[in-house]
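The values are calculated or read from the model by the stated rules, or taken from the named source; none is laboratory data. Remember, it's a predicted structure, so these values are computed and weren't measured experimentally. Cβ placement follows ideal geometry from the backbone for every residue including glycine, while neighbour counts extend to all protein chains displayed. Ligands, DNA and RNA are stripped out before the accessible areas are found, and what is left, the full protein with its side chains, is counted by its heavy atoms. Shrake-Rupley method; radii C 1.70, N 1.55, O 1.52, S 1.80 Å.
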Amino acid sequence: MRTGQAGRLSRALVGCHPRRWRERYRKEMLDVLDQHQASARTVLNLAVSVLSTHVDPAYHTEALSLPRLRRAALISAVIAAPLALILGPIGYGIWQDDHWHPAADEGLVSAAFSAHAAILVTAFGVTLDGMDMVWDVTDLSRPRRLSQFEGGQPTTLSPDGRIVATVDFSHPVLWNVANPRHPARIATLPADAGGLRGQEFSPDGQILATAYYDQVLLWDVTSPARPRLLRTLDAPATSPPGSAGLLFSPQDIAFSPDGSILASATGTDQVTLWNVADPARAYRIADIDDPGAFAQGFAFSPSGNLLSVLYSGGTVLVYSLADPARPARTATVTGLLVRAKFPDGQSQPDEVLCATCIWTGEAVAFSPDGHTLTVIVNRTEMSASSGRDTIFDWPVTGSGTLGTATVTARDAADSQPFIAPSDRTVLGSPSKYHWRTWPLP
Amino acid sequence: MHGKFDDLGRFADPSLLILTSLADGPKHGYAIMADVAAFSGVSMEPGTLYGALSRLERRGWVRPLAAAERRRPYEITAAGQEILTEQVTTMQQIVQVARLRTAMAWGA
């Protein structure tokens, strides 16, 4: 398109805007066009402007002038048709590039369950901005995929299944999944340079707790599009940032079943209990002694009288919370990492023995009746793309002591296992964009 | 905290550029386009410019001044300065996290 033609068409398009728009901006736009070297891009840009201002309610008060609209549509169509032929394939190529995702070939890394709704949100791949998928899990063994969105790692679903909190480039983000086929981003909470450690909805769904490196924030999410900061809980780090083994773990923060106690992992290895019965006046009630490893997961027993903490070195501690201000350790199990074997039968976590063997993930949960504590450790042999889940089940007494463990193993893929709440079902990922379930013994 | 900029849809990026351009004083349409091109390399077309300006004006983030012939200068309002500061702070946080993460990932 020659400059002269583009200039004339651009000027004609300025005249195709709605009357109120023209009265306000026509002279200025013509002045800009006098100084601007118009091109096909200018014409296309103005055609889009004409169409968008005609549908903009702010400029819509005049009676619709059919001849004017018809003229605008005709000019736009004449311009758009040849451009569409050229730009269409280019645009499609760009769209494909945009939607390619490094997570496309990777396994399940994150899953958020709802306590009361048959909705599950998963993410695949290790990237922070993972591909999320929303599932109908009315029958967990036959999930139906409802939608997908690029929103980061899902970490927690509100109990009613209407809001999912994700981690998107260190920002906690809230998504409305009340209509699970059309997830919508509704709020973004602040990031922190030290990284987000975890987030969790309270059992009544009114509070979202977000754990950062050295503090925990409590948000009122009764209006989820406008989260209101209720309380900042400082958890000063006892060691410098950067020395943490892992920055993010899906189970790093947990509410007790009645919502009165919050357990958080901050710093490099600090586990703290907070009284959050009145979230606006929440306070620290106890620090849990440190076994020198990174806390990877919490599980409260269904009655809330026991707390189990799983550490990255393969240590599990159980505490009685009969007096939450003085948590009493009732059980200590170490060495799970050694006892969980790799697929080829090797048991040592020594990289010399198996350079490609890694510890992919782990999960901890009490059974719904509170009589069993389960820990699953996934160990993976990367070069063979195979993995093995080792399942440790301990009978638990009411006072929190553990009986003898039953240890079983099953072949699995290289994925993080997730234990569905209120169920004895485990999610794992055999291949990209897939997950499967299997029942615990 | 939902960013107010997110409500601007496809005009979010042009709006940020326009507010940045007006931060050091009022400018008319073509001067904004030339300034934006000079400091960011972004070549903004008139349709985009006035689409974004009208939205900024409706939100009270910029204010039109008296026109001299066909040229009407715009100036940033106090609310516009506040939103620009907020947006820049968010971007600084992103840069800070990106630096930290890349330093950790590559051992720089």
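Residues in the stretch A:41-63: is at least one assigned to a helix (DSSP H, G or I), touching a residue at least 40 places away in the same chain (Cβ under 8 Å) and farther than 17 Å from B:Met44 by Cα?
So in the stretch A:41-63, the residues assigned to a helix (DSSP H, G or I) come out as A:41-55, A:57-59.
Now narrow it down to the ones that are touching a residue at least 40 places away in the same chain (Cβ under 8 Å): A:43, A:59.
Cutting the leftovers down to farther than 17 Å from B:Met44 by Cα gives us A:59.
There is at least one residue in the stretch A:41-63 that is assigned to a helix (DSSP H, G or I), touching a residue at least 40 places away in the same chain (Cβ under 8 Å) and farther than 17 Å from B:Met44 by Cα.
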Qualifying residues in the stretch A:183-205 (those that are within 7 Å of chain B (Cβ to nearest Cβ) and assigned to a strand (DSSP E or B)) - the one farthest from A:Ala254 (Cα to Cα): A:Ile186
Of (1) assigned to a helix (DSSP H, G or I); (2) at pLDDT 70 or above, A:Val134 fails just (1)
What strands (runs of 3 or more DSSP E), lying completely within the stretch A:251-293, carry at least 2 residues that are within 19 Å of A:Ala165 (Cα to Cα)? A:253-255, A:261-266
With the condition kept exactly as written, say whether any residue in the stretch A:209-222 is under 24 Å from B:Gln92 (Cβ atoms), touching a Gly at 6+ places or on another chain (Cβ under 9 Å), of a type in the set (S, T, N, Q) and surrounded by 22 or more Cβ atoms within 10 Å (Cβ to Cβ). yes
Matching option when the condition is charged (D, E, K, R) and surrounded by fewer than 20 Cβ atoms within 10 Å (Cβ to Cβ), among A:Asp287, A:Asp269: A:Asp287
Mind listing whichever residues of the stretch A:1-33 are in contact (Cβ under 8 Å) with a residue 24 or more places away in the chain, under 48 Å from the mean Cα position of the chain (by Cα) and in a helix (DSSP H, G or I)? A:Ala6, A:Leu9, A:Ser10, A:Leu13, A:Val14, A:Arg19, A:Arg20, A:Trp21, A:Leu33
Positions within the stretch B:44-68 being within 8 Å of chain A (Cβ to nearest Cβ), open to solvent by 10 Å² or more (accessible area, probe 1.4 Å) and either assigned to a helix (DSSP H, G or I) or among the polar types (S, T, N, Q) (or both), in sequence order: B:Thr48, B:Arg58
Which of the residues spanning the stretch A:372-392 are surrounded by fewer than 20 Cβ atoms within 10 Å (Cβ to Cβ), touching a Ser or Thr at 6+ places or on another chain (Cβ under 7 Å) and modelled with pLDDT of 90 or more? none
Is it the case that some residue within the stretch B:75-91 is within 14 Å of B:Lys27 (Cβ to Cβ), outside any helix (DSSP H, G or I) and open to solvent by less than 80 Å² (accessible area, probe 1.4 Å)? yes
Looking only at residues that are within 23 Å of A:Leu66 (Cβ to Cβ) and among the hydroxyl-bearing types (Ser, Thr, Tyr) in the stretch A:26-54, which one is surrounded by the fewest Cβ atoms within 10 Å (Cβ to Cβ)? A:Ser52
Just name the residue that is farthest from the other protein chains (Cβ to nearest Cβ) out of those in the stretch A:28-40 that are within 10 Å of B:Pro46 (Cβ to Cβ) and among the hydrophobic types (A, V, I, L, M, F, W, C). A:Ala38
Those residues of the stretch A:153-181 which are surrounded by fewer than 24 Cβ atoms within 10 Å (Cβ to Cβ), in contact (Cβ under 8 Å) with a residue 40 or more places away in the chain and part of a strand (DSSP E or B), in sequence order: A:Ile163, A:Asp168, A:Asn176
Given the conditions (1) within 13 Å of another protein chain (Cβ to nearest Cβ); (2) touching a residue at least 24 places away in the same chain (Cβ under 8 Å); (3) within 13 Å of the chain's Cα centre (by Cα), which single one is not true for B:Arg71? (3)
Looking at the stretch B:20-41, is at least one residue surrounded by 20 or more Cβ atoms within 10 Å (Cβ to Cβ), away from chain A (no Cβ under 13 Å) and either farther than 28 Å from A:Leu44 by Cβ or among the small types (Gly, Ala, Ser) (or both)? yes
Within the stretch B:74-105, the count of residues that are under 15 Å from B:Ile18 (Cα atoms) and at the interface with chain A (Cβ under 10 Å from one of its Cβ atoms) comes to 1
Matching entry among A:Leu306, A:Leu273 (being at pLDDT 85 or above and farther than 23 Å from A:Pro417 by Cβ): A:Leu273
Kindly indicate the residue of the stretch A:393-422 that is open to solvent by 60 Å² or more (accessible area, probe 1.4 Å) and within 29 Å of the chain's Cα centre (by Cα) and also modelled with the lowest pLDDT among those meeting that condition. A:Asp414
Could you list, ordered by first residue, the pairs with Cβ atoms under 8 Å in which the first is in the stretch A:196-219 and within 13 Å of A:Leu230 (Cα to Cα) and modelled with pLDDT under 90 and the second is aromatic (Phe, Trp, Tyr) and part of a strand (DSSP E or B), at least 6 apart or interchain? none
